[in-house]
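Peer 1: Handing you this structure, nothing more for now.
Just so it is clear, none of the values below were taken in a lab; they were calculated from the coordinates. Note that the structure is predicted; figures quoted are calculated from it, not measured. Every residue, glycine as well, gets a Cβ built from its backbone with ideal geometry; the counts of neighbours run over all protein chains shown.
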């Protein structure tokens, strides 16, 4: 564990974090400090506790909105996956039908060729 000093609302706080998480924790502290500064600017000096609670509620609201958006995007991705699978199945069916049609056409052409070869004795008459 590592200790980091972050400043929020003009006060320094020593916080423990996992090794390698120091920059992340400091960035979070700066974001919270900025949120508090914005609230202080908007509402004046209404008390540190009220400002902190307001900041926490605003952050919780942002988190809730992000979770909703994430859930919506996950649903959209799932829908797109299903659409992609359906399209792949459709393509496979079209390819199978096309192959069968080509095979039948080739068989008909072959029968016609045998039929023509049997009638004309192998030569071609033009005209």
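Peer 1: Using helices alone, I'd like the mean residue ellipticity at 222 nm for the chain: each DSSP H run of four-plus residues gives -39500 (n - 2.57), total over residue count, nearest 500.
Peer 2: Details: 2 runs with 95 residues, N = 127.
The helix contribution divided over the chain gives -28000 deg cm²/dmol.
Peer 1: Using 1/(1 + (r/R0)^6) with R0 = 41 angstrom and r between the beta carbons of residue 26 and residue 71, what's the FRET efficiency to the nearest 0.05?
Peer 2: Rounded to the nearest 0.05, the efficiency is 0.85.
Peer 1: Given contacts defined as C-alpha pairs under 8 Å and at least six residues apart, what's the relative contact order of the chain, whole-number percent? Can you show the working numbers first?
Peer 2: Numbers: 57 pairs, mean separation 15.7, N = 127.
Once divided by the residue count of the chain, the mean separation gives 12 percent.
Peer 1: Taking 37 °C and 0.692 mPa s as the conditions, I'd like the Stokes-Einstein D for the stretch 3-45 in µm²/s, using the Kirkwood hydrodynamic radius from alpha carbon pairs.
Peer 2: After rounding, the answer is 300 µm²/s.
Peer 1: Treat each spin label as a single point 7 Å out from the Cα along the C-beta direction, and report the residue 89 to residue 4 distance in nm.
Peer 2: 4.9
Peer 1: Quick one: Kirkwood hydrodynamic radius for the chain, alpha-carbon pairs, angstrom, one decimal?
Peer 2: Result for the chain, one decimal place: 22.0 Å.
Peer 1: Moving to a separate point now. Just to confirm the number: angle between the C-alpha axis of helix 48-120 and the first principal axis of the chain, 0 to 90 degrees, nearest 10?
Peer 2: So the inclination is approximately 10 degrees.
Peer 1: Here's a follow-up. I'd like the distance separating the alpha-carbon centroids of the stretch 83-103 and the stretch 9-73, in whole Å.
Peer 2: Answer, in whole Å: 54.
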